[in-house]
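Student: This is the structure I want to talk about, given as structure tokens.
The values are calculated or read from the model by the stated rules, or taken from the named source; none is laboratory data. Keep in mind that what you see is a predicted model, and the values were worked out from it rather than measured. Please note: Cβ atoms are built from the backbone with ideal geometry, for glycine as well, and neighbour counts cover all protein chains shown. The accessibility values were calculated without ligands, DNA or RNA, using every heavy atom of the protein model including side chains. Shrake-Rupley method; radii C 1.70, N 1.55, O 1.52, S 1.80 Å.
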Amino acid sequence: DGTLVDIVGARLRGLDVTTRNVVVAVALAGRAVDERLIAAAVELPLDAVRSAVREAIERHVLREEPSGAVGLRHGLLRDVAAGQLLVGERRDVHERLARALTEQPRLRDPGPAAAAAELAHHWGAAGRIPEAYAAATEAARAAEAVYAHADAHREYGWAIELERDLPDDLRPSLEERLELRRRAAETADLAGELERAIELTTEALDLADQSGDPVAAGLLHARLGYLRWATGDAAAGLDEHRTAVAIVPAEPATAARARVLGGLAGSLMGPGGYPESMDLARAAIECARAAAATAEEARARNVLGLDLVALGEHAAGIEELRRSRDLAAAAPADLTIVAHYNLGLALAEAGLLDEALEEAHAGRALARRSGLERRFGFDLAALAGDALLRLGRWAEAEAVTDEALRLDRERRASPFLLAVRGRLEALRGDVAAARGHLARARELGAGEDPDLDAYVSRGEAEAALAAGQREEALASVDAGLGRPSESHAPSIRVSLLALGARALADVAETRDANNRPLSDVALRQRLESEVARIDRGRMPPATALLLDLADAELARATASSPTRWEQLANRFDEVGDRYLGAWARVRAAEAELRASGTRGDAGRYLRPAATTASDLGAGPLEREIAGLARRARISLEGAVPDGGAPSREVTSAGAPPSATPPADGTPGTEALRRAGLSAREIEVLRLVAAGRTNGEIAERLFIARKTAGVHVTHILDKLDVANRVEAAMVAARLGLEPEADD
């Protein structure tokens, strides 16, 4: 604002010359400072400085803090005050500040990293390149020591810029320049700047090639391999790792050799690569042990553990991952965090959700302490959120994912985190929010990983089912199953198979079988074939349970047994999956009604399912339960205990939907009651208006076909119409809505 600048400038011009010089020194200092530092900057006695400070405070230009430090009253003063000096004059003030801070360290910023950065800034602004270079590298190391990775990256970057302007006799050696770029690349990676990390590593590699040091070059190739993989170029990453192994000497055993072997092993994890990966990981472990390289042993055991889990040897894999985590406790924080994360993934895959949650929380805590939350926090929060989602602790899952998403100022959160949040919103019925998060997950590269791709597809299918769009749900499942089936986490794909089977069963129950498109038949055959060929013996019990769920859903239309569904519900309870336990009880209630009609006790399944759905805030499931209870004349009274959570479902308009159709008292139902129709006959008329046959009405209301026919006859008589079409016209004229699919 020009007016404000003019006001501030006029206020400065009204000051005594000495006072103005003091204000300029404070402005160039960049923070509230001790009067002794001001005195050194303006080369005046302390008494004269204090007199000037007092005048500036009275004129509302400076302020004194409780500590006695003196600072500017308004940030705008900094630029205006600095503009009072010529370039050369500003350079002289910065040099005097730098010398005073060097000679009197007690005047520096109390934080070591900030103090070093401050000194580097003043030497640089003074044009003293050698001093600025030394101070910048010191500031970077100080920032690393307190896990301020972004600050360290900035200071290393500045040191690299200054290096080019150093006089020839002061230029660092080739080895020193290589090390500077290596450390700069490492801090860039930890600060989340992966592309910049690749640039710096490539520069360092060029210097290593010039030095002729195969070990340095090999380690940099391995590092570049990891960075290429992290940015989505797995093929280029694998090439870099193979180059690293080829050039680092195999003898004698060294930490460097163990590192490159472990790096190549990690890059080979995936379809077709597990056997070679395991061999290399074991070789890396042997080499690391011979070289007493604990950190490298931890890395290699981590890869071996993941290989074993992916190949179905869950107990052995988890044991290796535990050993890796324990060894990593003495290693750099980033390695320990990765060990917590990978162990948590394996535990979640095995269905050990409480333990997986512990590892995720331990990793998050360490990431916060180590300044690595923006580097690793998103995926750790996703792991915690997924475990909490499966454990039925949805409020906690919301809190964990909320916290992580608030950290994502650049909107670069992991696809996994976005997919977890999208699934939570879909299961609660907030379809618009779910689709927004899932679409963002796709934008950030979900299609590059078959596991993540299947996970996102599952969320998209759940959102479609919440919106009542069963055909769209089938399309999402079909797309998600299009990737190779071999993966790190088979449970994710099996979950998608089960959801696809559910959507197929829903479609089969709500459409005429003779009018079903061929695509449904093809997808059913695909699901049945894949479920049949999966080796249950290599699955942990939790994944085998999901396969049993898929089997039950595929058989639902023809061979649905309440006992089978009840057993599934109890097994889901045992593994802590409250939502799927409730879902299985709803299917048990349906099967009971089909087998015994309203004479059976379907309420014993439906009431506990209603309690769970309400507690979770699972809006779509609550609505389905309410619809089924209404059609079967089952009271849900007492299903929701005191303190039960209300439904969280919202419609596209943002208003909570009704869990039941319009109550008696609406114009249509009142008129039909006056015509003599009972409540049950009004329900039948809704279905007649929707075009249902007597058989479909009977199935829908869990009554005999003959009973449905009797109801229809009574309706025609009471409305004095000749056929079903006329009855539907009367219903429409009176404002009675046709029965929609629940």
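Student: Please compute the length gained on full extension between ARG73 and ALA559, using 0.36 nm multiplied by the number of residues separating them and subtracting their Cα-Cα distance.
Tutor: Additional length available on full extension: 167.1 nm.
Student: Related question: Which order do the peptides 310-320, 678-688 take when ranked by the mean count of other beta-carbon atoms within 10 Å per residue, highest first?
Tutor: 678-688, 310-320
Student: Report, to the nearest 10°, how far helix 470-480 tilts away from the longest principal axis of the Cα atoms in the chain, using its own Cα long axis and a range of 0 to 90°.
Tutor: Result, in degrees: 50.
Student: Using 7 Å Cα-to-Cβ label points, what is the ARG36/VAL87 separation (nm, one decimal)?
Tutor: For ARG36 paired with VAL87, the spin-label model returns 3.5 nm.
Student: Using only Cα atoms and rounding to the nearest 10 degrees, what angle (0 to 90) does helix 234-247 make with the longest principal axis of the chain?
Tutor: 50
Student: Using a 10 Å cut-off on Cβ atoms, rank the peptides 42-55, 224-237 from the highest mean neighbour count down.
Tutor: Sorting 42-55, 224-237 by mean packing, highest first, produces 224-237, 42-55.
Student: With every protein chain kept in the model, how would you rank HIS241, HIS153 by accessible area, 1.4 Å probe, largest at the top?
Tutor: HIS153, HIS241
Student: Hey, got a sec? Which trypsin sites (Lys or Arg not before Pro) in region 553-613 land in a DSSP loop and have at most 10 other Cβ atoms within 10 Å?
Tutor: Here no trypsin sites (Lys or Arg not before Pro) fit, given the DSSP loop and packing criteria.
Student: Give me the one-decimal nm value for the distance between modelled label points at ALA145 and ALA675, 7 Å along each residue's Cα-to-Cβ direction.
Tutor: Going by the 7 Å Cα→Cβ label model, 8.8 nm.
Student: How large is the dipole of the chain about the Cα centre if only Lys and Arg carry +1 and Asp and Glu carry -1, each at its Cβ, rounded to the nearest 20 debye?
Tutor: Details: 94 positive and 118 negative charges, 392 e Å.
For this selection, approximately 1880 debye.
Student: Moving to a separate point now. Give a quick list of trypsin sites (Lys or Arg not before Pro) in region 704-741 that DSSP marks as loop, anything other than H, G, I, E or B, with at most 13 other Cβ atoms within 10 Å.
Tutor: Loop-located and lightly packed - none at all.
Student: Grab the beta carbon distance between GLN104 and ASP206, set R0 = 25 Å, and tell me the FRET efficiency rounded to 0.05.
Tutor: After rounding to 0.05, the efficiency reads 0.05.
Student: Which of the listed residues, PRO490, VAL725, LEU261, is farthest toward the dipole's positive end in the chain, when Lys, Arg count +1 and Asp, Glu count -1 at the beta-carbon?
Tutor: Value: VAL725.
Student: Angle between the Cα long axis of helix 129-145 and the longest principal axis of the chain, 0 to 90 degrees, nearest 10?
Tutor: Result, in degrees: 40.
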